[in-house]
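What follows is one structure encoded as structure tokens, with my remarks underneath.
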Amino acid sequence: MAELKITLIRSLIGYDKKQALTARALGLGKLGSSVTQPDTSPIRGMIKKITHVLKVETADGVLVSMPQPRAGRKHHYGPHEGLGVNQ
């Protein structure tokens, strides 16, 4: 049976409590923790529920899924830039 290496790479703060419980059920505790689980339907279902915070690889290192990068701000202004002060 194939194995999956599952890593928690984003915090679950601010998400539904059920998602944190799903991560605990997978064996993930702290940020950056990894576990190896069998590649079964129940495990795949749990991964699908919280795929936005997990990195999933096969046991031989082939990447299965990775969260999308977060959308940042388009512009970052300093304390007075863009406000009409000192221009």
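Coordinate-derived values only; no laboratory data. Keep in mind it's a predicted model, so treat the numbers as computed, not measured. Quick reminder, even Gly has a Cβ in these numbers, built from the backbone with ideal geometry, and neighbours come from all protein chains shown.
Which distance in nm do the two modelled labels at Lys17 and Ser41 give, with both placed 7 Å along the Cα-to-Cβ direction?
Computed distance between label sites Lys17 and Ser41 equals 3.0 nm.
Which net charge results when you count Lys and Arg as +1 and Asp and Glu as -1 among the other residues whose beta-carbon is under 15 Å from that of Met66? Mind showing how you got there, number by number?
Values: positive: Lys5, Arg10, Lys48, Lys55, Arg70; negative: Glu57.
My count for the surroundings of Met66 gives +4.
Using the 10 angstrom Cβ neighbour count as an exposure proxy, how do Arg70, Arg24 rank, fewest first?
Final ranking by Cβ density, sparse to dense: Arg70, Arg24.
On a straight-distance basis, which lysines could pair with Lys5 in a cross-link, Cα separation under 29 angstrom, same-chain partners fewer than 8 positions away excluded?
Candidates past the 8-residue exclusion: Lys17, Lys18, Lys30, Lys48, Lys49, Lys55.
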